[in-house]
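Participant: Sharing a structure here in structure tokens format.
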Amino acid sequence: VKVYDNQQLASKKIAQRIAALIKKNDESGKKTVLGLATGASPIKVYAELIRMHKEEALSFKNVVTFNLDEYFPMKPDAEQSYVTFMNRQLFDHIDIVRENVHIPDGTLEEKSVAEYCLNYEKKITFYGGLDFQLLGIGRTGHIGFNEPGSAPNSGTRLVTLDDLTRRDASRDFGGKENVPTKAITMGVGTIFKAREIILMAWGKKKASIIKKAVEGEISSDVPATYLQLSPNVEFVLDKEAASDL
Ligand code: GLP
């Protein structure tokens, strides 16, 4: 667990870690495979990466990304889609090759989702696995959209969103009734295969779930507790999110 004075500083540190990884792989002619997150939590990390691209010539030409999740159903050009989010918060401002960007497809027919999810996993494997996975945490203890009940070895799949998750998303959708009931998410098992994982959390409203995630009994009731089992995980927090530890 690393605690910083504020979100700004912590986000900067995370961005520096990602940049160092990209530069190291660039030097040895390797691609960097990043697992990326959405939500409010990573916005300052992405802003810092954009700044480094513009001011310090950090290049994303050899970066391949896989996003954790997407609502289902969801059109990519919808205001609330994670495609729109990623474009606005990161991809539109850097030199990433669009073919290297992967975000689960919310437009599929439900019957083809299972095969699509297997392929998503295969693509990650094809690129050599995730070098780094960035995670936020939902108030249910979800990582990605792995809600309570998710198995530790779960793969990419279609899931049903928890009521609290839909309530938390209701502002973006103009009411809970408009929030999709499902999502496609990388599994806990998919996330676990990443060689480095950072879970970030900011603010007082994350303090109680962070206490459970870091100190609580490992259980499917709080999927983030599974992270206690991995030696590759760091929890990066601001003072408020760490205040119940
Ligand atoms: C959504 C995302 C999660 C994210 C969570 C927390 O549910 N699917 O990946 O961690 O929200 O969001 P925020 O960072 O806005 O608190």
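Every number in this text was worked out from the coordinates using simple rules, so none of it is lab data. From a predicted model like this one, the values you see are computed outputs, not experimental measurements. Reconstructed Cβ throughout: ideal geometry from the backbone, glycine too, with neighbour counts over all protein chains shown.
Participant: Please work out which residue is nearest to Lys61 (Cα to Cα), limiting yourself to the stretch 101-144 and to residues that are charged (D, E, K, R) and away from the ligand (no atom under 16 Å from the Cβ).
Facilitator: Result: Asp131.
Participant: Still on this structure, I have one more. Can you tell me which residues in the stretch 179-193 are more than 14 Å from the ligand (Cβ to nearest atom) and within 18 Å of Leu34 (Cβ to Cβ)?
Facilitator: Residues satisfying the conditions are Phe192, Lys193.
Participant: Would you tally the residues in the stretch 183-204 being surrounded by 15 or more Cβ atoms within 10 Å (Cβ to Cβ), within 17 Å of the chain's Cα centre (by Cα) and in a loop (DSSP other than H, G, I, E, B)?
Facilitator: 6
Participant: Among the residues of the stretch 51-75, how many are farther than 24 Å from Tyr127 by Cα and surrounded by 14 or more Cβ atoms within 10 Å (Cβ to Cβ)?
Facilitator: Here the count works out to 6.
Participant: Take the residues of the stretch 205-233 that are charged (D, E, K, R) and within 12 Å of the ligand (Cβ to nearest atom): which is surrounded by the most Cβ atoms within 10 Å (Cβ to Cβ)?
Facilitator: Lys206
Participant: Given the criterion aliphatic (A, V, I, L, M) and within 23 Å of Leu34 (Cβ to Cβ), identify the matching residue among Leu164, Leu134.
Facilitator: Leu134
Participant: Tell me whether the stretch 109-126 contains one or more residues that are of a type in the set (A, V, I, L, M, F, W, C), under 29 Å from Gln16 (Cβ atoms) and part of a helix (DSSP H, G or I).
Facilitator: yes
Participant: Scan the stretch 127-146 and tell me whether some residue there is under 30 Å from Asn25 (Cα atoms), surrounded by fewer than 18 Cβ atoms within 10 Å (Cβ to Cβ) and not small (Gly, Ala, Ser).
Facilitator: Yes, because at least one residue in the stretch 127-146 is under 30 Å from Asn25 (Cα atoms), surrounded by fewer than 18 Cβ atoms within 10 Å (Cβ to Cβ) and not small (Gly, Ala, Ser).
Participant: For the stretch 145-159, give me each residue that is more than 12 Å from the ligand (Cβ to nearest atom) and touching a residue at least 60 places away in the same chain (Cβ under 8 Å).
Facilitator: Across the stretch 145-159, the qualifying residues are Pro148, Gly149, Ser150, Ala151, Pro152, Leu158.
Participant: Which numbered condition in (1) within 23 Å of Ala224 (Cβ to Cβ); (2) within 16 Å of the ligand (Cβ to nearest atom); (3) not in a loop (DSSP other than H, G, I, E, B) is the only one that Thr38 fails?
Facilitator: (3)
Participant: Also, I was wondering about something else. Conditions: (1) surrounded by 17 or more Cβ atoms within 10 Å (Cβ to Cβ); (2) of a type outside the set (A, V, I, L, M); (3) touching a strand residue (DSSP E or B) at 6+ places or on another chain (Cβ under 9 Å). Gln89 meets all but one. Number of the miss?
Facilitator: So Gln89 meets the others, but not (3).
Participant: Considering only residues that are buried (at least 21 other Cβ atoms within 10 Å of the Cβ) and more than 10 Å from the ligand (Cβ to nearest atom), which ones fall in the stretch 160-178?
Facilitator: Listed by number, the list is empty, since nothing qualifies.
Participant: Next question. Looking at (1) assigned to a loop (DSSP other than H, G, I, E, B); (2) under 17 Å from the mean Cα position of the chain (by Cα); (3) more than 20 Å from Ile103 (Cβ to Cβ), find the lone condition where Gly155 falls short.
Facilitator: (3)
Participant: With respect to Ile96, determine if the residue is in a loop (DSSP other than H, G, I, E, B), closer than 18 Å to Tyr46 by Cβ and free of Cβ contacts under 8 Å to residues at least 40 places away in the same chain.
Facilitator: So Ile96 passes the test.
Participant: Same structure, new question: When only residues in the stretch 86-100 that are within 15 Å of the chain's Cα centre (by Cα) and within 16 Å of the ligand (Cβ to nearest atom) count, which is nearest to Leu161 (Cα to Cα)?
Facilitator: Met86
Participant: Pick from the stretch 58-75 the residues that are touching a Leu at 6+ places or on another chain (Cβ under 9 Å) and of a type in the set (Ser, Thr, Tyr): which of them is nearest to the ligand (Cβ to nearest atom)?
Facilitator: Tyr71
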